[in-house]
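In what follows, a single structure is set out as structure tokens and then discussed.
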Amino acid sequence: MVLRMLQRAEQYMPDLAPLSALRVWTGFRAATPDKLPLIGPWAGDSTIFLATGHEGLGITTSLATARILVDQIAGREAVIPVEPYWPSRVSLEHAYA
């Protein structure tokens, strides 16, 4: 699959042909249908907290995610609005793969 992708890319950018790849990674990026991460307690067990679905922005948004989780676990009022990120908002939707 990666070879086919590279061959296709070379059709558009011929100068890629002589280059060598040092590393290749393929996989799925965890994402939700509304493109917002799931941050907060899991609807099935309020003692389990989720921080997933950042779709490749996990490192970039890690500090804000941590702040949201810490405020929730400590029972403090959140500095960052949490409602858009509640895992329960997608608990009734279908899973996509």
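For the chain, what is the mean residue ellipticity at 222 nm derived from helices alone (per DSSP H run of n ≥ 4: -39500 (n - 2.57); sum divided by total residues; nearest 500 deg cm²/dmol)?
-7500 deg cm²/dmol
Counting only the heavy atoms of the protein chains, how much of Met1 is accessible to a 1.4 Å probe, in Å² to the nearest 10?
150
Assuming a viscosity of 0.890 mPa s and a temperature of 25 °C, what translational diffusion coefficient in µm² per second does Stokes-Einstein assign to the range 1-63, Rh being the Kirkwood radius over Cα pairs? List each step's numbers first, then the result.
Details: Rh = 15.0 Å.
Rounded to a whole number, D works out at 164 µm²/s.
Relative to the longest principal axis of the C-alpha atoms of the chain, give the angle of the C-alpha long axis of helix 2-12, reported between 0 and 90° and rounded to the nearest 10°.
It is inclined by approximately 70 degrees.
The values are calculated or read from the model by the stated rules, or taken from the named source; none is laboratory data. Remember, it's a predicted structure, so these values are computed and weren't measured experimentally. Note: accessible area is taken over every heavy atom of the protein model, side chains too, but ligands, DNA and RNA are not part of it. Shrake-Rupley method; radii C 1.70, N 1.55, O 1.52, S 1.80 Å.
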